[in-house]
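Here's the structure, in structure tokens; my notes come after.
The values are calculated or read from the model by the stated rules, or taken from the named source; none is laboratory data. Computed from a predicted model, the values in this text were never measured in an experiment. Every residue, glycine as well, gets a Cβ built from its backbone with ideal geometry; the counts of neighbours run over all protein chains shown. Each accessible area value is taken on the protein alone, full model and side chains, heavy atoms only, with ligands, DNA and RNA left out. Shrake-Rupley method; radii C 1.70, N 1.55, O 1.52, S 1.80 Å.
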Amino acid sequence: PAADRLFSVGDLVDRGPECEQVLEWLDKPWFNPVRGNHDDYVCRHDTCDIGNWLQNGGAWFMSLTDAERGEFAAQFRELPIAIEVDTPEWLIGLLHADFPFPSWQHLLEQLEGGAEGGTLRNIKNACMWSRRRVELEDSCGVDGVRTVVVGHTPLSSPLALGNVVRIDTAGWCPAKGGFFTLLDLRSLQTHMAK
């Protein structure tokens, strides 16, 4: 932790029995997550589709007190939609699900004040919920970064489509063969962790 940083491509909750411990992780100075769609459920717990959330791991949240729910929601609302990591070798972008633009800079401009209201919400939703690129096997690259790292769609192994690298390999479900994929941002080499 003195020299290393750990970045997460989201879904800090709903994927195992230790969801309530995530606030401890958020206090770590070396831990840097983006907001995933399950994290977004926490942010919108009072307006989201509760039935869908419960089917996808949200029962732990329903057992919390109102004060605890409020604390989780407040902290999760602070999670960024995208993170930019400038390594000595190159610039890396991270987000949870999908990249809705052809350039990294365009996304940042939209998230940082270029888009408002429903347009901003649609952009955030694409970043947290969309599977368009992987479903279409879209290998169009993203300009302005060496690589964009995403999760969201569980795969049997990491997958690169253009310069978008998908690393969700269902580490939260080891009984079904899932494992965590770690990506070294300096070398862009993937490592399996069970």
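Quick notes
- Flag if residue 112 is closer than 21 Å to residue 76 by Cα, among the charged types (D, E, K, R) and out of contact with any helix residue (DSSP H, G or I) (no Cβ under 9 Å at 6 or more places or on another chain): yes
- Any pair with Cβ under 7 angstrom, 6 or more apart, that starts in region 167-194 at a residue that is at pLDDT 95 or above and ends at one that is surrounded by fewer than 13 Cβ atoms within 10 Å (Cβ to Cβ) and of a type in the set (Asp, Glu): none
- Of all residues in region 114-164 being hydroxyl-bearing (Ser, Thr, Tyr) and outside any loop (DSSP other than H, G, I, E, B), the one that is least open to solvent (accessible area, probe 1.4 Å): 147
- The helices (runs of 4 or more DSSP H) falling completely within region 1-113 that include 1 or more residues that are more than 28 Å from residue 137 (Cβ to Cβ) and open to solvent by less than 50 Å² (accessible area, probe 1.4 Å) map to 22-26, 37-43, 50-55, 59-62, 66-77.
- Qualifying residue in region 73-81 (condition: farther than 24 Å from residue 180 by Cβ, in contact (Cβ under 8 Å) with a residue 60 or more places away in the chain and not small (Gly, Ala, Ser)): no
- Scanning region 174-185 for residues that are assigned to a loop (DSSP other than H, G, I, E, B), open to solvent by 30 Å² or more (accessible area, probe 1.4 Å) and either polar (S, T, N, Q) or within 20 Å of residue 56 (Cβ to Cβ) (or both) turns up just one, 177.
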